[in-house]
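Asker: Here it is, the structure, as structure tokens.
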Amino acid sequence: MLVPFPIPNHVLDHPLLEEKGLELVIKRLDLVHPEVSGNKFYKLKYNLAEAQKKGLDTLLTFGGAFSNHIYATAKAASSENLNAIGIIRGDKITPLNPTLQAAEESGMELHFISREAYRKKTEIHFIQDLREKFGDFYLIPEGGTNELAIKGTSQILDPEAKRQSHIAVSIGTGGTFSGLAKRISKDQFLMGFSSLKGNFIHVEIDQMLKKNDINPSGSYSIFDQYHFGGYGKYTQELIEFIWWFYEKFGIPLDPIYTGKLMFGIWDLIKKDYFKAGSKILAIHTGGLQGNRGFTKMTGIKLPPPSM
Ligand SMILES: *Cc1c(COP(=O)(O)O)cnc(C)c1O
């Protein structure tokens with residue numbers, strides 16, 4: 001079983017927060033485990049336990065070339081002595097980027113498939129073909145979101161978090177948001193910041209909550225205006241914000257998820273979105289392994305992970 005390290009809560013100290021009468025705390029899930037970082041720790045935890053319970057010694061999952069989920073699955077599998085197969089979208093580019101290289105070095109078997117084939121990844125026949133090719137395996141969907149992942153992410157908030165009025169988190173597939181939605185109490189407001197462009201996310205989240213029988217006690221809202229052009233897209237302003245945040249608070253962010261989340265929260269603070277007295281808890285979902293690959297690809301330097 002994956003065991004979490006103690007997770008620090010960092011209370012931010014800044015004149016703007018004082019001026020607006022706000023408390024802003026960062027829950028550092030990026031420090032939950034030296035290898036299986038962030039929300040992926042929680043999403044994988046019960047899936048690995050389930051694979052072991054079923055006596056399956058191989059995990060198979062899907063992802064893009066920079067995927068935090070691929071990286072985390074590779075690391076989690078190796079720490080639990082399981083085999084891992086990663087089906088990667090697109091052509092193999094050598095040398096491998098830091099994400100895929102680390103996954104491979106951890107023992108993950110990488111298979112590259114075309115974007116067209118990748119689109120079939122949830123179809124029964126496609127999965128059957130994979131079973132014929134690789135033998136039996138425990139399947140984890142792209143991004144790692146399933147029922148057991150939501151069970152895991154519903155444990156991110158500890159009882160102490162009840163004192164917070166607002167909980168804020170980044171959204172990719174929404175698995176983490178859904179777990180938090182299951183857990184919030186009736187006077188709490190859950191804010192999801194979508195890292196993808198488009199308003200489809202509102203329907204998708206509603207469907208995910210319904211499918212998993214989640215009726216949040218508190219209220220929630222999804223913010224879809226902080227995507228910076230779409231998934232994996234960025235602007236100079238975002239990069240500058242990430243560096244500003246690191247220099248002010250010593251907390252590294254990534255440009256795909258947590259940078260956009262914190263930019264959004266800070267922007268809303270400036271715009272007086274939060275009433276004085278609000279206690280905001282922002283979940284740092286990790287993702288810092290991707291910073292090296294981002295720098296390699298773009299030449300843009302980013303803060304290093306803290307562990
Ligand atoms: C995967 C990931 C997310 C998105 O999580 P979902 O459960 O898919 O919404 C957010 N932040 C980071 C750093 C991630 O790696």
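Asker: Of Y71, Y220, Y257, which has the largest mean-square fluctuation in a 10 Å C-alpha GNM of the chain?
Answerer: In this elastic network of the chain, the residue with the biggest mean-square fluctuation among Y71, Y220, Y257 is Y220.
Asker: I'd like the Karplus ³J(HN,Hα) series for the range 196-213: coefficients 6.51, -1.76, 1.60, θ = phi - 60°, whole numbers in Hz, and an x wherever there's a Gly or Pro.
Answerer: So the Karplus estimates, Gly and Pro as x, are 10, 7, x, 8, 4, 4, 4, 5, 4, 5, 4, 5, 5, 5, 5, 4, 9, 6 Hz.
Asker: Moving to a separate point now. If I stretch the segment between K275 and K92 completely, what's the gain in nm (0.36 nm per residue apart, minus their alpha carbon distance), one decimal?
Answerer: Gain in length upon complete extension: 60.9 nm.
Asker: When the helices in the chain are scored as -39500 (n - 2.57) per DSSP H run of 4 or longer and the sum is shared across all residues, what 222 nm value do you end up with, to the nearest 500 deg cm²/dmol?
Answerer: Numbers: 12 runs with 121 residues, N = 307.
My calculation for the chain gives -11500 deg cm²/dmol from helical runs alone.
Asker: Could you sort 92-101, 120-129 so that the peptide with the highest average Cβ count within 10 Å comes first and the rest follow in order?
Answerer: 92-101, 120-129
Asker: Which shape class, rounded, prolate or oblate, goes with the range 39-144 when its Cα gyration tensor gives a ≥ b ≥ c as root eigenvalues, a/c under 1.5 marks rounded, and past that a/b bigger than b/c marks prolate?
Answerer: oblate
Asker: Please compute the length gained on full extension between E104 and Q225, using 0.36 nm multiplied by the number of residues separating them and subtracting their Cα-Cα distance.
Answerer: 40.0 nm
Asker: Explain nothing, just compute: Karplus ³J(HN,Hα) = 6.51 cos²θ - 1.76 cosθ + 1.60, θ = phi - 60°, for every residue of the range 79-89 in order, whole Hz, x for Gly and Pro.
Answerer: Taking θ as phi minus 60°, the curve returns 6, 9, 6, 10, 7, 9, 10, x, 9, 9, 6 Hz for the range 79-89.
Asker: For Q52 and Y246, FRET efficiency with R0 = 35 Å and r from the beta-carbon atoms, rounded to 0.05?
Answerer: Given R0 = 35 Å and the Cβ-Cβ separation, E is 0.35.
Asker: Taking all protein chains as present, what is the carbon and sulfur share of the accessible area of the range 106-208, in % to the nearest whole number, probe 1.4 Å?
Answerer: In the range 106-208, the share of accessible area belonging to carbon and sulfur is 50 percent.
Asker: Which of the peptides 49-56, 105-112 is most tightly packed, and how do the rest follow, judged by the mean count of other Cβ atoms within 10 Å per residue?
Answerer: Result, highest mean Cβ count within 10 Å first: 105-112, 49-56.
Asker: Go through the range 90-100 residue by residue and turn each phi into a ³J(HN,Hα) via Karplus (6.51, -1.76, 1.60, θ = phi - 60°); whole Hz please, and just put x for glycine and proline.
Answerer: Once θ is set to phi - 60°, the couplings for the range 90-100 become x, 6, 6, 10, 10, x, 4, 6, x, 4, 6 Hz.
Asker: Under the rule of at least 5 residues apart or a separate chain, name every residue whose amide H is placed under 5 Å from the amide H of F62.
Answerer: Excluding prolines and chain starts, which carry no amide H, the hits are I87, E142, G143.
Asker: Turning to a different aspect of this structure: In Å², and per residue, what accessible area does the chain have when probed at 1.4 Å with the other protein chains present?
Answerer: Here the per-residue accessible area is 46 Å².
Asker: Please work out, to two decimal places, the log10 of the ratio I(q)/I(0) at q = 0.21, 0.23 Å⁻¹ from a Debye calculation in which every Cα of the range 185-302 carries one identical scatterer.
Answerer: -1.28, -1.40
Asker: For the chain, what is one quarter of the convex hull surface built on the Cα atoms, given in nm²?
Answerer: 15.3
Asker: Could you pull out which residues in the range 223-263 have an amide N less than 16 Å from a spot 7 Å beyond the Cα of L16, following the Cα-Cβ vector?
Answerer: Hits in the range 223-263 for L16 at 16 Å: 226, 237-251, 253, 259-263.
Asker: Then there's this: Mind jotting down a quarter of the surface of the convex hull over the alpha carbons of the range 1-58, in square nanometres, one decimal?
Answerer: Average projection, Cα convex hull of the range 1-58: 5.0 nm².
The values are calculated or read from the model by the stated rules, or taken from the named source; none is laboratory data. This is a predicted model, so every value here is computed, not measured. Ideal geometry is used to build each Cβ from the backbone, glycine not excepted, and the neighbour counts take in all protein chains shown. Calculation scope for accessible area: heavy atoms of the full protein, side chains included, ligands and nucleic acids excluded. Shrake-Rupley method; radii C 1.70, N 1.55, O 1.52, S 1.80 Å.
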